[in-house]
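Trainee: Take this structure first; my questions come after.
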Ligand code: G3I
């Protein structure tokens, strides 16, 4: 089996901003993940930083062509919006909304409550042993201000992020976050009820990682804990509409996305919840091999994961945590020891589609030309 490597003149074709073609030029058609996903009634998109889209016209053209859904990678987090107590900076978030509106894309808001991305003033306030009422006011005011500002313009919100942490040894498996420490498990109800009141139009999601691999015992246990939690929240009447599965996959680990994942998704869907793959990428920090070999392996991982996930009708959207290797936080967060550029995303640094882009297309049901199929 040979590595997928587009013929030079096809790479030129592929690299044309917005004119990404697959198959032989005579029968070429645009590789357009946005339209391929929409054909199946789903959304495909990416997390973005406003400045990379605004400052790079070729990248903006790629985002416009490929994304029907946009997520602010950082612009709507607490530390971006409220850098100091009583100080609010909505400009970056407003710019993401404007980019989405300009290209007719929906927006997935990320994230209203999290134990990370807290500004120093908030961390200090939560460490100062405040009264539960004071913490409730902090959370409620923030959610009302942020979700209220974008009312009607957000398709879905990650209301609370990364809630389950079994290593914190609580019987309910909840993470001992500052929010839990101050308010107990009811902080979840408060967050979702406040978000619903602030924006009745948005689908409200719980988001988490570590739910993807069948052959990882802690992930199997986390799935069970998550299911118990979701059942409890639904039974308590919480206004929760969706589960966001982050989908941070590992390039140095064989794909193991089988009946365990499918059963988990089926049970989540049976609760009446939508499912979003909200932060999809393949971490190639520890991958060995040539660029072509790494790209082919990553594509296989993308395809196996998405084939398992998209078999569940309740999965309504897939978001890559970035669109091109030109802009990925993994460059700093998961740099390779050999110094080679990381390659976690479907489009390369030249904005050309990699085998992973074809893998995503195939998983959404696109029939690829034999040329693209050879890397299966
Ligand atoms: O914008 C400032 C810049 O002004 C400053 O000079 C620079 C130096 O400190 O920091 C910049 O902010 C950084 C921000 O990314 C934008 O680049 C923050 O320090 C840095 O902590 C932040 O990291 C983000 C991280 O979440 C924490 O919020 C990553 O970009 C982002 O990819 C990552 O995404 C998370 C999801 O939100 C939740 N799931 C896991 C995922 C990966 O960690």
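Trainee: Among 268, 315, 309, 282, which is within 16 Å of the ligand (Cβ to nearest atom) and either touching a strand residue (DSSP E or B) at 6+ places or on another chain (Cβ under 7 Å) or more than 18 Å from residue 73 (Cα to Cα) (or both)?
Mentor: Of the residues listed, the single one that is within 16 Å of the ligand (Cβ to nearest atom) and either touching a strand residue (DSSP E or B) at 6+ places or on another chain (Cβ under 7 Å) or more than 18 Å from residue 73 (Cα to Cα) (or both) is 282.
Trainee: List pairs: first in segment 113-125 and closer than 11 Å to residue 138 by Cβ and at pLDDT 95 or above, second within 13 Å of the ligand (Cβ to nearest atom) and not in a helix (DSSP H, G or I), Cβ under 8 Å, 6+ apart or cross-chain?
Mentor: So the pair list comes out as 113/160; 113/161.
Trainee: So for segment 148-164 (the condition being more than 16 Å from the ligand (Cβ to nearest atom) and farther than 23 Å from residue 107 by Cα), does at least one residue qualify?
Mentor: no
Trainee: Tell me which residues, restricted to segment 41-78, are assigned to a loop (DSSP other than H, G, I, E, B), more than 13 Å from the ligand (Cβ to nearest atom), within 15 Å of the chain's Cα centre (by Cα) and over 15 Å from residue 345 (Cβ atoms).
Mentor: Result: 42, 68.
Trainee: Separate question: Which pairs have Cβ atoms under 6 Å, sit 6 or more apart or on different chains, and link a residue in segment 247-261 that is free of Cβ contacts under 8 Å to residues at least 40 places away in the same chain to one that is surrounded by fewer than 18 Cβ atoms within 10 Å (Cβ to Cβ)?
Mentor: Sorted first by the residue in segment 247-261, then by its partner, the pairs are 252/286.
For (1) within 21 Å of residue 46 (Cβ to Cβ); (2) outside any helix (DSSP H, G or I); (3) at pLDDT 95 or above; (4) touching a helix residue (DSSP H, G or I) at 6+ places or on another chain (Cβ under 7 Å), each residue gets a yes or a no:
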| site | (1), (2), (3), (4) |
| --- | --- |
| 286 | no, yes, yes, no |
| 292 | no, no, yes, no |
| 296 | no, no, yes, yes |
| 302 | yes, no, yes, yes |
| 317 | yes, yes, yes, no |
| 326 | yes, yes, yes, yes |
| 351 | yes, yes, yes, yes |
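Trainee: Ok, one more. Only one residue in 322, 339 is farther than 18 Å from residue 40 by Cα and free of Cβ contacts under 8 Å to residues at least 24 places away in the same chain. Which one?
Mentor: Just a single option satisfies the conditions, and that option is 339.
Trainee: Test residue 211 against the stated conditions and say whether it is touching a residue at least 40 places away in the same chain (Cβ under 8 Å), under 29 Å from residue 257 (Cβ atoms) and outside any loop (DSSP other than H, G, I, E, B).
Mentor: no
Trainee: When you scan segment 157-167, do you find a residue that is in a helix (DSSP H, G or I), without any contact (Cβ under 8 Å) to a residue 12 or more places away in the chain and farther than 19 Å from residue 76 by Cα, even just one?
Mentor: Looking for residues that are in a helix (DSSP H, G or I), without any contact (Cβ under 8 Å) to a residue 12 or more places away in the chain and farther than 19 Å from residue 76 by Cα, one finds at least one in segment 157-167, hence yes.
Trainee: Out of 311, 335, which single residue is more than 18 Å from the chain's Cα centre (by Cα), closer than 16 Å to residue 283 by Cβ and in a loop (DSSP other than H, G, I, E, B)?
Mentor: Working: 311 fails: closer than 16 Å to residue 283 by Cβ.
335 is the lone residue from the list that is more than 18 Å from the chain's Cα centre (by Cα), closer than 16 Å to residue 283 by Cβ and in a loop (DSSP other than H, G, I, E, B).
Trainee: I need the full set of residues from segment 79-130 which are within 13 Å of the ligand (Cβ to nearest atom), surrounded by fewer than 17 Cβ atoms within 10 Å (Cβ to Cβ) and not in a helix (DSSP H, G or I), in order please.
Mentor: 83, 89, 116, 117
Trainee: Also, I was wondering about something else. Residue check, residue 361 against (1) in a helix (DSSP H, G or I); (2) out of contact with any helix residue (DSSP H, G or I) (no Cβ under 7 Å at 6 or more places or on another chain); (3) touching a residue at least 12 places away in the same chain (Cβ under 8 Å), all met but one. Which one?
Mentor: (2)
The values are calculated or read from the model by the stated rules, or taken from the named source; none is laboratory data. What you see is a predicted model, and the numbers here were worked out from it, not measured in a lab. Cβ: placed from backbone, ideal geometry, glycine included. Neighbour counts: every protein chain shown.
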